[in-house]
Amino acid sequence: MKIKQLILLSITLISFYCCNSKDKLDLLNGSSITKSISLNIMDSVKIPYLGNPIVHDINPKTNSILFMEFDQFSNDINLVDFDGDKINSFSKFGDIPDGYGKLLASPILLDNNEVLVYGTNGFIRYDYQGNLISKVKISELKFPNFKNRLAMGFGMEKLGDKYLNIEGGSRETVNYDKINLHPEYFLFNLLDPKTGKSKPIIQFPNSSIYRSGKYFFRYAWQPVFSVNKNLIFIVFGGEPAIYIYSSNEPFQLLSKINLDLEDYRYFEGSENENLEHDFLGMFLSSGRIENIKKIEDKFLVAYFEGYKDSDKEIFFAQKKDRNEAIEVRERLKEKYPTRLAVFDSLGNLLTILNPEGLEPNSMLLRDGQLWMMEKPDEEVERDYFRLFRVGLKVENN
């Protein structure tokens, strides 16, 4: 791969390492509680591209990467290899016979050099040249009430010959703007790409705050999840707990691990149906878990800690104009970066990492490899983007 000497040597980047070159990447070592833990750069891929890419999948077996442009009016499926060289680019958007319609989940790279797309037109398989291989219509199409996140680390995950995907809020009887105690609400769909059928599975656990009878804003409970071997690890929205399920039917809840996150301020629900602020403002200001992955015997949890009360007052205060609102938002964004906590298998906090050069919420785990995306440069528009394969280096104190 085309990676710099720093990466070829697989140097562990920790807080005392100083770097003057913008081409090199600084990662801060965590404030270790029981062990010295740092991120270890194991590999990287530099991809020439000018724009705002969304990486949907990485397949180490085929050495291929799939990304699309963030712009909703650009729907090219771009394929590159691990050297950053272009394999192909094609579009299947629009009213065409082999089109996928509207994306319902991130496209997936199959192991046989094929692309699987789940859209409103069904499950569509293409080869890398963009030729249609198969098309299976969805047996019962229900348009989602809210949009699932289409981004790196947020895609469907394989369960046997099926796929696990977040339920998009398709029940007409549920008011998703003010959810309160909906025991019948299923949070995931089990999708069968061979038949087009979907089966709703997994409801809020009895111990979840979302079964408390209180009111929550839209997206407050939206889960993040990861499949590892025979287990499904789920975090429901802002609730600081990992729920562990069997990956086999009937998907039984096996255990719960509470997460003790430092300075974590999340929305625990309201007794009043009329919430104090609009859902977008509450979402942006409340603590939430943004990604979760398990590497060997450790959990990596990307999280936003939530604003302090004093900063919430500033955030929700009336602004003079749009420029002031943008200035406040950018200042708070810098003050509250997404952090990466590392827990052991029992839920004990080992360290909190601050990977300044990477986006913690972009964690993508594929075939045992953990990948993260480099943060874009806020000052200079780059004509490339980079992906880093990372691991954990653990040393006893």
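Tabulated values for the structure
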quantity	calculated
Hits in segment 199-215 (condition: over 23 Å from ILE244 (Cβ atoms) and either assigned to a strand (DSSP E or B) or without any contact (Cβ under 8 Å) to a residue 12 or more places away in the chain (or both))	TYR215
The listed residue being modelled with pLDDT under 50, assigned to a loop (DSSP other than H, G, I, E, B) and either under 24 Å from LYS298 (Cα atoms) or in contact with a strand residue (DSSP E or B) (Cβ under 7 Å, 6 or more places away or on another chain) (or both), out of SER21, SER15	SER15
Any chance TYR303 is among the hydroxyl-bearing types (Ser, Thr, Tyr), in contact with a Gly (Cβ under 9 Å, 6 or more places away or on another chain) and farther than 19 Å from PHE233 by Cα	no
Among (1) at pLDDT below 95; (2) buried (at least 20 other Cβ atoms within 10 Å of the Cβ) - the single one LEU191 does not satisfy	(1)
Every pair of residues 6+ apart whose Cβ atoms lie under 6 Å, when the first sits in segment 378-397 and is under 27 Å from ARG331 (Cα atoms) while the second is surrounded by fewer than 17 Cβ atoms within 10 Å (Cβ to Cβ)	ASP383/LEU50; TYR384/PRO48
Segment 111-148: number of residues that are basic (Lys, Arg) and either crowded, with 16+ Cβ neighbours inside 10 Å or closer than 18 Å to LYS194 by Cα (or both)	3
Residues that are part of a loop (DSSP other than H, G, I, E, B), of a type in the set (Lys, Arg) and at pLDDT 70 or above, drawn from segment 138-179	LYS142, ARG149
Residue tally, condition part of a loop (DSSP other than H, G, I, E, B) and either in contact (Cβ under 8 Å) with a residue 24 or more places away in the chain or small (Gly, Ala, Ser) (or both), over segment 216-236	5
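The values are calculated or read from the model by the stated rules, or taken from the named source; none is laboratory data. Here the structure is a predicted model, which is why all the values come from computation and not from measurement. Positions of Cβ are backbone-derived with ideal geometry, glycine not excepted, and every protein chain shown enters the neighbour counts.
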